[in-house]
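So the structure is just underneath, and the comments pick up after that.
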Amino acid sequence: MKGLPVLCLLLWMSAVYLVGIYLFVGGFLLVRLEVNRTSTCSDLLEPAGGSGDFCQGQPRFKRTVILIIDALKIDFARFDPSKTAPRPYENKLPVLEEVVSSRPSQSRLYPFRADPPTTTMQRIKGFTTGSLPTFVDVGNNFASSAILEDNLIHQLGQTGRHVVFMGDDTWESLFPKKFHRSLPFPSFNVKDLHTVDNGILRHLYTTMMGDDWDVLVAHFLGVDHCGHRFGPDHPAMAEKLTQMDGVIRSVIERLQNDTLLVVMGDHGMTDTGDHGGESLKETDAALFLYSPTPVFPDPHSQTDLVPTLALLLGIPIPYSNVGRSSYRYFIKKGPAGAVEGLSQLEALWINAKQVNRFLETYSSMARDIPPQRLSQLKDEFSRLSSAYLSSLREGRSPPPQLASSLQAYLTSVRDTCRSTWARFNPVKMAAGLAILALACLMCLVLSELSQVLIKGSGLGLKAPTALALAVGVVVAAAQLLTQGYVEEIWCLAAGAFSSELLFFWRARRLNTVTVSKNGTKASKFSRWLTPRRLLVAPLLIPLLRCASLLSDSYVIAEGRVVTFLVFSLVLYIPIQLNWNGLLLPPSPDPLKSAGLLPPSALSPSTVRKEGATLLGFVGLLISTLYLSLSFHGCREEQGSCQPSSFLYPLSRMQDNQLKNLHYVLSVISLGIFTHLLRRFLCHYGNLNSSGGTVFTARWILPLLSVCLGLHWAVSATSEDSFRNLAELIRVAQLALPRAAFCLLGLGLSLIWLDPITVFVKTRAAASSRAPALPTPRYRASTGISPQAELHHLIPQIYQHMRRSLDDGELSGAAEEPNRPTVEAYGLGTVYSAPLLLFCGLLGVGLLLLHPEGMAASFLLLLLEMAALLHIHASSSTLCGLHGTYSGGFHVPWTPVVLWSLAATQFFHATGHLPTFPSIQWGAAFVGFPDGHTGTLLPASLVTLNTFASHILFAVGCPLLLFWPLVCEVRGSGGGRACGEEVGDAVMEMRLRENPHQFSSSLLQLSARYLFLHGAQVFSSVCAAAILRRHLMVWKVFAPKLMFEVSGFLMSSIFLLIGVTLVLRVDGAVARWFKNLVPDASR
């Protein structure tokens, strides 16, 4: 078998796809240009343009206490006395209502609107710099890097203010060495509700009583972590909010007269406790302000807090701020008045001049703001500046409408920046679309020309690779000469594009029909690339799905729609077979019964049996489709939808009886999952040898399942249930999943290193076990029953083996006492057995990263896989029995389309959605309850959790090639080479007899699977490009694009792993035969 060409071609196809994706995303999700300049106290922003130091003025407040309660949504802060039975998150912060009611001139409570994405790092960046985050910034939440733009923390330190911080350690990575004193606590362990909050409380009140601080920042995480772990509607949320109520009361009691208290949430949360998107529940946080002196705040955007706080504290506004200060905070009185500082117009003027300065600097560095709009904003500022400064020079009062005009100008600048920073690069997007379109077509061509490619008479990779490298070097050199620097993305794009064009040019030259040795013909390039060949029913369904990705309604309801598509295509198979007269035995032919024509080898009972098998598995598949709907999540747009209770970990459940029921169901599902895998291996004789794969199936798989069940039991135990065993439970929560990870790694390694599951024994050994019964020479099964032995018998693996090993017996000579007679158990499933075990073991490992209730969903996934494989096998067998099989081992489009649709279907059936709030972050802490020191491992665990279905179906994709051979019936024509004896069910050994067909079929299957997933990515890219100005682009289409791209990447990687495992098994089988056949007989 030619394994290296197959792997190289698949790698090349995947690489070209990734270049196109990278190019498009580079034009669609651009990060805004950061202006790394800072404001200083000597900036001439004051109206008179004086020479004094701005920071020497008298600030409104000398001290500020900022309490950030992570995920404090506005609903948590409101108080409704009419509710007699409030929910756990309602009416738990009465201190806010009490203070606002009793001291209205000193306090206000308002919604605090956050700009999406609503992740903590982007929110901190927003309310310290006054800038607007971009969509792609959400990816940085795993690895918070230092903020380089001007910000409040930098300005406070620059003016000599002492900033003391305590709480979320994200601040330490964003502002390294910027604090006078810092007390960070680990933040990413969402299961830990108390460490950060209790750590803050140990130091908060003593710090407030000291005099070594000017600004005190305390970032509490308990409310946010409680939402992630239990959701807002849980008693634990009531406890955390009640704790925060006590904190706010204690802080108010300790405030001095010159101190401003700011209590704020950085974002909200959904009804499931998640955040990251742009729904109102995620963006509407709470803002509470209190001071001993009167304040009159307006409703706030988070960017507006930056200029307001800066001017109140008497420090420069950060350079890149685009927020609007709340001018009503500034009430300047006479020298004897109680309030000092800037007047309202002075505050607005300084803010407007700072924003105008930023606008001028940014427009000189980047050309993305439309020139006409930029000119309008500059003219507007010049008009306002002239009106304000002329009134000051003339000593008259400014026009009464000037304040509102300045506010309108600041709002216009912010809105312009917000729309501009959603900018696109049309050239990169168009180039990415072109490369992706050609990549999809290339996959299609490769799947049809697989025989030519494997035989080496057609296309190769040497020329495209050499051309790609040459073109990339030329483009790099041209960029150096013209621009002075190199953009790597254009070099990659040029190389990929040129290699695609060369491929198509060489493919077009294949106009002669290639006839293979066994008589089959390879299609002409021009014959199959026609609408009649491409617009068949199996391809119409993915085409319809790809077109539907342009609809936001489809994306929102995709989980159920894909389930319906799988259901429809599965029903199409028996309907088509029946339409073609293949599902039932043909009617008796009078000529054959009269002896005028030779009798047919077709057995009516065999046809009826295969037809019944196919219909039975169709029924099983429909049942799994229906039951899988019970595990779906809900998007925020689906108002009346209720998410499945299986999506939440058992620790969230308050009903002990329901918790026990879910646990028992999960353990039973896991047990059935494990049993079915072992049952298959046992049935086909793959558990008799002593190799590493068999050891994995016999011991590691059951032990891994036991670890998983115990881990679920420990994780479901409440922290307060067994106080005496708290330490033991903590150790078990750490040890059990890590032991499972070790077993998983060991099992996968053993399968990879020793994939052979064939057991060979001599005639003497066989006779001693069953002396009365003659045993067959070549067996592919365990010999469960005589019928099963005959059904899976392999009497003629290779003719020269039989002649060399049984020559003496066939000639009637006396037997030598020690002459071996080969009995090979498990040889008929030598390829599928290790691949299926690898896939199943990986499935149990991925289940470890999911909530316990997903065990039933993973069992349904296994059953659906089995049903799809058997439907494909029975369909191929029925076609073979009627003599209508296309020949070779090629897998038709229908099962490949079903396989790819099932991957998407179970993405939704495992509780996932193409939205950022639906990401199951708890997977990062399985086996690591105390958190991580780096970001690679938690990001990998979350990725494996999110794309588990893509991983399993990609690894198991080669099973579509093997299963018709595993289930073949003696006398069927499916996959039989020309000249082969009829009647021998040699199963997967046919692949060894036809290595060229084996390689070409494996390449064709993989190329088709990549094509289907690549087409989905291409459709998502088209939707994002066409609808880039659509209202729902950042809420629906951009997240969908990111998830499709990530799913394609994971599918490509694990498809290559699955194909590589098959090639490794093939090499091991070749060595096994080499060792089996004596040197003299070779």
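The values are calculated or read from the model by the stated rules, or taken from the named source; none is laboratory data. Just so we're clear, the structure is a prediction, and the values are computed from it rather than from any experiment. Every residue, glycine among them, receives a Cβ derived from its backbone with ideal geometry; neighbour counts consider all protein chains shown. Just the protein is used for accessible areas: all its heavy atoms, side chains included, with ligands, DNA and RNA removed. Shrake-Rupley method; radii C 1.70, N 1.55, O 1.52, S 1.80 Å.
Give me the residue from the range 527-550 that is of a type in the set (Gly, Ala, Ser) and modelled with pLDDT of 90 or more and, out of that set, surrounded by the fewest Cβ atoms within 10 Å (Cβ to Cβ).
Going through the range 527-550, the residues of a type in the set (Gly, Ala, Ser) turn out to be 537, 547-548.
Going one step further and asking which of them are modelled with pLDDT of 90 or more, we end up with 547-548.
Numbers: Ala547: 13, Ser548: 18.
Going through the qualifying residues, I end up with Ala547.
Name the residue, out of Pro599, Pro590, Pro585, that is surrounded by 14 or more Cβ atoms within 10 Å (Cβ to Cβ) and modelled with pLDDT under 85.
Numbers: Pro599 fails: surrounded by 14 or more Cβ atoms within 10 Å (Cβ to Cβ); Pro590 fails: surrounded by 14 or more Cβ atoms within 10 Å (Cβ to Cβ).
On inspection, the qualifying residue turns out to be Pro585.
Condition check: open to solvent by 30 Å² or more (accessible area, probe 1.4 Å), modelled with pLDDT of 85 or more and among the hydroxyl-bearing types (Ser, Thr, Tyr). Does Ser940 satisfy that? First the steps, then the outcome.
Values: open to solvent by 30 Å² or more (accessible area, probe 1.4 Å): yes; modelled with pLDDT of 85 or more: yes; among the hydroxyl-bearing types (Ser, Thr, Tyr): yes.
So Ser940 passes the test.
Mind checking which residues of the range 616-631 are of a type in the set (A, V, I, L, M) and surrounded by 15 or more Cβ atoms within 10 Å (Cβ to Cβ)? Lay out the reasoning, then the answer.
Step one: filter the range 616-631 for residues of a type in the set (A, V, I, L, M), giving 618, 620-622, 625, 627, 629.
Within the range 616-631, Val618, Leu620, Leu621, Ile622, Leu625, Leu627 meet the criteria.
Restricting the range 202-259 to residues that are acidic (Asp, Glu) and in a helix (DSSP H, G or I), the residue that is most open to solvent (accessible area, probe 1.4 Å) is Glu253. Taking the criterion of being over 33 Å from the mean Cα position of the chain (by Cα), of a type outside the set (A, V, I, L, M) and at pLDDT 90 or above, the residues of the range 211-238 that qualify are Trp213, Asp214.
Residue-by-condition table, conditions (1) open to solvent by 40 Å² or more (accessible area, probe 1.4 Å); (2) touching a helix residue (DSSP H, G or I) at 6+ places or on another chain (Cβ under 6 Å); (3) at pLDDT below 75:
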| site | (1), (2), (3) |
| --- | --- |
| Glu34 | yes, no, yes |
| Arg37 | yes, no, no |
| Cys41 | no, yes, no |
| Pro47 | no, yes, yes |
| Asp53 | yes, no, yes |
| Gln56 | yes, no, yes |
| Thr64 | no, no, no |
| Ile74 | no, no, no |
| Ala77 | no, yes, no |
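In the range 93-104, the residues that are touching a residue at least 60 places away in the same chain (Cβ under 8 Å) and on the phi < 0 side of the Ramachandran plot reach residues that are open to solvent by 70 Å² or more (accessible area, probe 1.4 Å) and in a helix (DSSP H, G or I) with C-beta atoms within less than 6 angstrom, at least six apart or across chains, in these pairs: Val95/Arg249.
Every condition in (1) surrounded by 15 or more Cβ atoms within 10 Å (Cβ to Cβ); (2) assigned to a helix (DSSP H, G or I) is met by Arg635 except one, and the failing one is (2).
Is it the case that Pro649 is out of contact with any helix residue (DSSP H, G or I) (no Cβ under 7 Å at 6 or more places or on another chain), within 30 Å of Val555 (Cα to Cα) and surrounded by 15 or more Cβ atoms within 10 Å (Cβ to Cβ)? Considered against the rule, which asks whether it is out of contact with any helix residue (DSSP H, G or I) (no Cβ under 7 Å at 6 or more places or on another chain), within 30 Å of Val555 (Cα to Cα) and surrounded by 15 or more Cβ atoms within 10 Å (Cβ to Cβ), Pro649 comes out as no.
Do you know which residues across the range 7-25 are open to solvent by less than 20 Å² (accessible area, probe 1.4 Å) and farther than 18 Å from Ile454 by Cβ? Matches in the range 7-25: Ser14, Val16, Tyr17, Gly20, Ile21, Leu23, Phe24.
Screening Phe567 against (1) modelled with pLDDT of 85 or more; (2) outside any helix (DSSP H, G or I); (3) of a type outside the set (Lys, Arg) leaves a single unmet condition, (2). When Thr259, Thr242 are checked against the criterion of being more than 25 Å from Pro184 (Cβ to Cβ) and among the polar types (S, T, N, Q), a single residue qualifies: Thr242.
Okay, residues lined up against (1) modelled with pLDDT under 80; (2) among the hydroxyl-bearing types (Ser, Thr, Tyr):
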| residue | (1), (2) |
| --- | --- |
| Phe296 | yes, no |
| Ile317 | no, no |
| Ser320 | no, yes |
| Ser325 | no, yes |
| Leu345 | no, no |
| Ile350 | no, no |
| Arg357 | no, no |
| Glu360 | no, no |
| Arg396 | yes, no |
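Picking from residues in the range 667-682 that are among the hydrophobic types (A, V, I, L, M, F, W, C) and more than 30 Å from the chain's Cα centre (by Cα), the one that is most open to solvent (accessible area, probe 1.4 Å) is Cys682.
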